[in-house]
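A.B. asks: Sharing a structure below in structure tokens format, with a few things to ask.
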Ligand SMILES: Nc1ncnc2c1ncn2[C@@H]1O[C@H](COP(=O)(O)OP(=O)(O)OP(=O)(O)O)[C@@H](O)[C@H]1O
Ligand SMILES: [Mg+2]
């Protein structure tokens, strides 16, 4: 319990640090937001008023604390380009991306665990070269290419969904999920290939350990050893990997959203960067960082439940 | 009990046979020492007996009979019945030989789970009894510990408990004390001697240290490059080695230890009213022999510690 509290405190402190860096960075590069909003023809008086409205006339640290407090109350500032609260702009997009990422994660877990087990069992068999080749192909194929391929085959030829016409989640939840499913598959495929490779080598490595020989000397057969000992011992690296996966598929979603035309966070981030809409970018960066750190922390907390040695905070 | 006849094992990725024609027998209730330097084939011999050879990676021939059953060529179903049940194995490194994520007690119980249909409560009782048998101070507490929470000596005791919990008739000990410090080593040897007496368990004790073997075993076989070069009563081998390799092994033991060993052997012989050990101690009766070796083991432990 103490360990969990420590980890959550660490998460909190890291987030404060990240938010400060993000705020400071965008404060420096954004130049004069009032000018950006009002354009070149604005008078000095109009600019003054706008700066006051945005709170830009206050000292830097005060600005930061106001922004930070706003984060906790759901007030993420005002978008420069939309002149609307950032929160109301990004929440629907976050939902879309979150659903897609979760679908993707479920696909990864469901497929890579049995495939990894099988790859480990079949290691050294005649068709291993074929498995390895397919695996490497899946790992190497760029996400945008995969997205185009899937859109073309399932969207244009098979017409299972209409590329570019994403149904609103509120109106047609099932349609939206079906649309997101194809995008999620594109995010999942390279990651599944990686997971299978990781699982295979972890399982094979564990099978070579001394405790396996001990277990066999007690009368277990290999399947029993796998079930009783090896799987649990392979779980820690697997959970760590899944934690990283949780973080990385959000990154993968950016490209896939572009190709599929999904109004998610990734696409919004790219658009906001090119519009220099810094309040939006700031908020998204902090949310992304939070997601990445949260994934790692959750994985660590689960692992610490599995492996009592990790409670000491030492050896893995 | 155990009979090994002309055992050959050759790994595919090696030029030389790891075991090149080993034969020996082990009688009921006997402790046989197997000594030899690193790589001489001791472990491979033990693995062949326990049915743990990686069969796909080696060629093997000969006979390994445990109570008349051939372990070398046995199928998986037969091996499964014998492993843990009739043969217990203790390995060198207790820390890596245990599953780090399973409580010690559960690992001790595992054998019972496989080979008996005892209820979980009954299994737990037996496991705690076994932990007590190996003289662990607080068996119930040890039962609930993870391997990393125990010291090397306690772990090795737990490993022995796991190996004996199903009361196997044969215990294979592959350098069980090598990873431990000298004091703990002496304690474990003492424990093994007691267990041997109490349960009449036959033991094959493997070590590269002839002096350790001397404290535990009445009979010893010396292995070099896959063959047994000398075999006989420990005293005879220790004090009158015939083979140059055995002589070399004995030369490696510090002179001080040898002087003390000889003194003890003489005292022992006098006490037991036997002949001088120089003339060979093979004919000592089981009882006095055990008592005598227990004594020398005790003093040996003190001296080393
Ligand atoms: N799995 C294996 N694959 C290939 N060669 C092996 C394997 N196991 C053992 N050997 C070889 O067999 C020979 C005998 O090894 P063994 O482990 O029996 O020696 P040992 O007498 O037990 O030595 P130690 O005191 O180091 O334990 C060595 O040359 C070793 O390299
Ligand atoms: Mg060995």
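The values are calculated or read from the model by the stated rules, or taken from the named source; none is laboratory data. The shown structure was predicted, so the numbers you read here are calculated from the model rather than taken from an experiment. No Cβ is skipped: glycine too gets one built from the backbone with ideal geometry, and neighbour counts run over all protein chains shown.
A.B. asks: If you scan the stretch B:185-215, which residues turn out to be in contact with a helix residue (DSSP H, G or I) (Cβ under 6 Å, 6 or more places away or on another chain), within 14 Å of ligand 1 (Cβ to nearest atom) and modelled with pLDDT under 95?
C.D. replies: B:207, B:210
A.B. asks: Taking the condition of being away from ligand 2 (no atom under 15 Å from the Cβ) and touching a residue at least 40 places away in the same chain (Cβ under 8 Å), how many residues in the stretch B:7-24 meet it?
C.D. replies: 11
A.B. asks: Output the qualifying pairs, or none if there are none: Cβ atoms under 9 angstrom, residues six or more apart or on different chains, first residue in the stretch A:129-140 and on the phi < 0 side of the Ramachandran plot and assigned to a helix (DSSP H, G or I), second residue loosely packed, with under 12 Cβ neighbours inside 10 Å and modelled with pLDDT under 95.
C.D. replies: A:131/A:125
A.B. asks: What is the one condition in (1) facing chain B (nearest Cβ under 9 Å); (2) in contact (Cβ under 8 Å) with a residue 60 or more places away in the chain that residue A:265 does not satisfy?
C.D. replies: Looking at each condition in turn, residue A:265 falls short on (1).
A.B. asks: Does the stretch B:130-154 hold any residues that are under 19 Å from residue B:112 (Cα atoms) and either in a helix (DSSP H, G or I) or within 22 Å of the chain's Cα centre (by Cα) (or both), and which are they?
C.D. replies: Scanning the stretch B:130-154 gives B:130, B:131, B:132, B:133, B:134, B:139, B:140, B:142, B:143.
A.B. asks: Which residues, taken from the stretch B:165-184, are touching a residue at least 60 places away in the same chain (Cβ under 8 Å) and within 16 Å of ligand 1 (Cβ to nearest atom)?
C.D. replies: Residues satisfying the conditions are B:172, B:173, B:174, B:175, B:176, B:178, B:179.
For every residue, the table says whether it meets (1) free of Cβ contacts under 8 Å to residues at least 24 places away in the same chain; (2) within 30 Å of residue B:85 (Cβ to Cβ); (3) in contact with a helix residue (DSSP H, G or I) (Cβ under 8 Å, 6 or more places away or on another chain).
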| site | (1), (2), (3) |
| --- | --- |
| A:125 | yes, no, no |
| A:179 | no, no, yes |
| A:184 | no, no, yes |
| A:217 | yes, yes, yes |
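A.B. asks: In the stretch A:268-302, what residues are within 12 Å of residue A:3 (Cα to Cα) and either within 14 Å of chain B (Cβ to nearest Cβ) or not in a helix (DSSP H, G or I) (or both)?
C.D. replies: Scanning the stretch A:268-302 gives a single hit, A:302.
A.B. asks: Name every residue in the stretch B:74-116 that is touching a strand residue (DSSP E or B) at 6+ places or on another chain (Cβ under 7 Å) and either facing chain A (nearest Cβ under 9 Å) or closer than 24 Å to residue B:152 by Cα (or both), in order of residue number.
C.D. replies: B:82, B:87, B:88, B:89, B:90, B:91, B:92
A.B. asks: Condition test on residue A:113, is it more than 14 Å from every other protein chain (Cβ to nearest Cβ), surrounded by 15 or more Cβ atoms within 10 Å (Cβ to Cβ), closer than 30 Å to residue B:54 by Cα and over 20 Å from the mean Cα position of the chain (by Cα)?
C.D. replies: no
A.B. asks: Looking at the structure I just gave you, is residue B:28 modelled with pLDDT under 95 and farther than 27 Å from residue A:207 by Cβ?
C.D. replies: Details: modelled with pLDDT under 95: yes; farther than 27 Å from residue A:207 by Cβ: yes.
So residue B:28 passes the test.
A.B. asks: Residue under question is residue B:53, and the condition is that it be more than 16 Å from ligand 2 (Cβ to nearest atom), assigned to a loop (DSSP other than H, G, I, E, B) and touching a residue at least 40 places away in the same chain (Cβ under 8 Å); does it hold?
C.D. replies: no
A.B. asks: Here's something else I'd like to know. Restricting attention to the stretch B:53-82, which residues are crowded, with 16+ Cβ neighbours inside 10 Å and within 10 Å of ligand 1 (Cβ to nearest atom)?
C.D. replies: Residues satisfying the conditions are B:53, B:58.
A.B. asks: Next up: Give, as residue ranges, the helices (runs of 4 or more DSSP H) completely inside the stretch A:163-261 that count at least 1 residues that are farther than 30 Å from residue B:77 by Cβ and within 14 Å of another protein chain (Cβ to nearest Cβ).
C.D. replies: Result: A:231-260.
A.B. asks: In the stretch B:175-205, what residues are crowded, with 23+ Cβ neighbours inside 10 Å, within 14 Å of chain A (Cβ to nearest Cβ) and under 19 Å from residue B:95 (Cβ atoms)?
C.D. replies: Correct list: B:176 only.
A.B. asks: Among the residues of the stretch B:216-223, are any out of contact with any strand residue (DSSP E or B) (no Cβ under 7 Å at 6 or more places or on another chain) and either within 13 Å of residue B:135 (Cβ to Cβ) or away from ligand 1 (no atom under 14 Å from the Cβ) (or both)? Full working, then the answer.
C.D. replies: In the first step, residues of the stretch B:216-223 are kept if they are out of contact with any strand residue (DSSP E or B) (no Cβ under 7 Å at 6 or more places or on another chain); the result is none.
Scanning the stretch B:216-223 turns up no residue that is out of contact with any strand residue (DSSP E or B) (no Cβ under 7 Å at 6 or more places or on another chain) and either within 13 Å of residue B:135 (Cβ to Cβ) or away from ligand 1 (no atom under 14 Å from the Cβ) (or both).
A.B. asks: Which of (1) within 16 Å of ligand 2 (Cβ to nearest atom); (2) within 14 Å of chain A (Cβ to nearest Cβ) does residue B:164 not meet, given it meets every other one?
C.D. replies: (1)
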